[in-house]
Amino acid sequence: MIDSSPPLLHHYGELSRLPPQIPTPERNDLTDGTVLMEEYCHLPLIDLSCLSSTNEKVRLACADAICRASSEWGFFQVVNHGISPELIRNMRREQVKLFQTPFDKKATCGVLNNSYRWGTPTATCPKQFSWSEAFHIPISKVFEQACYGEFSSLREVMVEFAAAMSKLARLLAGVLEENVGHPRGVFESTCQESNCFLRLNRYPACPISSEISGLVPHTDSDYLTILSQDEVGGLQLMKDSKWVAVKPNPDALIVNIGDLSQAWSNDIYKSVEHRVMANREKERYSIAYFLCPSYDSLIGSCREPSSIYRKFTFGEYRNQVQEDVKRTGRKIGLPRFLL
């Protein structure tokens with residue numbers, strides 16, 4: 001039988017045999033006050049149909065709930081978001097079909113802008129390794145027929161799905177902008193389709209799931225992320241210095257605030273660390289949409305001149321993140337840009 005999974009176990013084993021190059025704290029030996037407990041949380045659940053209500057109080061209450069969740073949690077769930085269950089099911093079907101392709105073919109056929117990746121190439125020890133594979137494609141490339149090769153049935157669904165996620169992201173961004181006294185359009189003017197991304201994720205079942213993450217702890221280097229996940233679960237976020245698990249809701253999409261929104265809002269909105277835990281029994285699928293600006297976009301504060309962070313371009317931020325990961329094995333992120 002031809003295996004569709006990448007050689008994750010082999011790579012993990014190679015890392016396990018390497019001498020440690022970068023000090024990494026054990027799960028129960030963190031020095032930052034983090035308590036390593038796992039429990040289910042009840043993410044704020046927001047009905048987005050209220051944003052189009054004819055009742056002004058209902059609209060304002062919905063916008064307030066979005067902004068409050070972005071400030072207190074950095075994460076929230078949305079229902080009645082305008083993306084049909086049928087479209088989500090069709091996208092998941094095509095995603096599964098794509099990932100079931102033999103590994104060697106996925107790695108070499110160049111599908112989806114040659115964006116296939118697996119594991120963590122920069123990992124120097126097991127705790128930096130992610131048990132997953134993904135396609136990470138710019139939205140502008142989603143519309144190009146040449147990106148799909150023989151996967152022609154994927155294109156029609158993916159184009160529709162990407163457009164729907166993009167529309168939803170811009171709706172939410174407008175609400176966040178207005179909450180801090182800015183007119184809608186600040187994010188939209190810099191977040192062109194060539195800058196935003198769609199990421200198709202697969203987390204294969206992991207025989208060593210108690211030792212490894214499907215996706216290592218991180219924050220997102222964007223304005224905001226929208227996630228469609230299956231029923232398997234595994235997503236966890238940091239809340240009150242402990243890890244809490246997000247129970248899958250088949251009717252909801254998950255939204256989380258990215259680093260750029262935290263910087264732009266002067267810490268009004270929070271970009272929260274999160275991770276995905278591997279599952280011993282089941283594979284997990286998810287799709288994430290990332291709302292990103294162009295690399296030369298200047299990220300300032302909506303609260304100048306009392307900004308917490310110095311101004312920086314998105315390209316500068318991304319380069320610093322990559323440099324930190326390469327040098328220390330972890331993302332440092334916004335603290336690098338504090339004034």
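The values are calculated or read from the model by the stated rules, or taken from the named source; none is laboratory data. Everything numeric here is computed off the predicted structure, so don't read it as measured data. Because the Cβ atoms are built from the backbone with ideal geometry, glycine has one as well, and the counts that use them run over all protein chains shown. When the accessible area is computed, the model is the full protein with side chains, heavy atoms only, and any ligands, DNA or RNA have been set aside. Shrake-Rupley method; radii C 1.70, N 1.55, O 1.52, S 1.80 Å.
Carbon and sulfur: what percent of the chain's accessible surface (1.4 Å probe)?
Its accessible area is 51 percent carbon and sulfur atoms.
What Cys residues in the chain are without a partner cysteine, judged by a Cβ distance under 4.7 Å?
By the Cβ distance rule, which asks for a partner under 4.7 Å, the isolated cysteines are 41, 67, 109, 125, 147, 191, 196, 206, 292, 302.
Using θ = phi - 60° and the Karplus form 6.51 cos²θ - 1.76 cosθ + 1.60, what ³J(HN,Hα) does each residue of the stretch 59-65 get, whole Hz, x for Gly and Pro?
Each residue's phi maps through the Karplus curve to give 4, 5, 5, 5, 4, 5, 5 Hz.
Determine the dipole magnitude for the chain: charges of +1 sit on the beta-carbon of Lys and Arg, -1 on that of Asp and Glu, nothing else is charged, the reference point is the Cα centre, and the result goes in debye to the nearest 20.
320
So with the 1.4 Å probe, I'd like the accessible area per residue for the stretch 238-339, rounded to whole Å².
Working: 4600 Å² over 102 residues.
The answer is 45 Å² per residue.
What are the ³J(HN,Hα) couplings of the stretch 121-130, residue after residue, when phi is run through the Karplus curve with 6.51, -1.76, 1.60 and θ = phi - 60°? Round to Hz, x for glycine and proline.
For the stretch 121-130, the Karplus curve yields x, 8, 5, 10, 8, x, 6, 9, 9, 9 Hz.
Can you give me the accessible area per residue for the stretch 142-231, using a 1.4 Å probe, in Å²?
Averaged over the residues of the stretch 142-231, the accessible area is 40 Å².
Which net charge results when you count Lys and Arg as +1 and Asp and Glu as -1 among the other residues whose beta-carbon is under 15 Å from that of residue 10?
Once all neighbours under 15 Å are counted, the net charge is -3.
Given just the C-alpha atoms of the stretch 246-325, how large is their convex hull per residue in cubic angstrom?
137
Residue by residue through the stretch 204-215, what is 3J(HN,Hα) from phi via Karplus (6.51 cos²θ - 1.76 cosθ + 1.60, θ = phi - 60°)? Round to whole Hz and write x for glycine and proline.
x, 4, 10, x, 10, 4, 6, 10, 9, 9, x, 9
Could you tally the net charge around residue 123, taking each other residue with its Cβ under 15 Å from the Cβ of residue 123, Lys/Arg +1 and Asp/Glu -1?
Local charge sum for residue 123: +4.
So what is the calculated 222 nm ellipticity per residue for the chain, using -39500 (n - 2.57) for each DSSP H run with n of 4 or more, over all residues, to the nearest 500 deg cm²/dmol? Kindly include the intermediate steps, with their values, before the conclusion.
Details: 10 runs with 110 residues, N = 339.
Result for the chain, helices only: -10000 deg cm²/dmol.
Taking amide hydrogens as modeled 1.01 Å from N in the peptide plane, which residues meet the under 5 Å criterion relative to residue 230, leaving out close sequence neighbours?
Placed amide hydrogens put 285 under 5 Å from residue 230.
Taking a threshold of 28 Å on the Cα-Cα distance, which of the pairs 97/247; 247/311; 97/127; 106/326 fall above it? Could you put the intermediate results ahead of the total?
Values: 97/247 25 Å; 247/311 37 Å; 97/127 30 Å; 106/326 26 Å.
Table pairs above 28 Å Cα-Cα are 247/311; 97/127.
Using a 7 Å offset from the Cα along the Cα-to-Cβ direction at both residue 282 and residue 316, what is the distance between the two label points in nm, to one decimal?
It works out to 4.5 nm between the two label points.
Could you order the peptides 222-231, 81-90, 105-114 from most to least packed, using the average number of other C-beta atoms within 10 Å per residue?
On the way: 222-231: 22.5, 81-90: 14.6, 105-114: 16.3.
Answer by packing, highest mean first, reads 222-231, 105-114, 81-90.
Pull up the DSSP beta bridges for the chain and report the antiparallel fraction as a percent, rounded to 5.
So the antiparallel bridges in the chain amount to around 85 percent.
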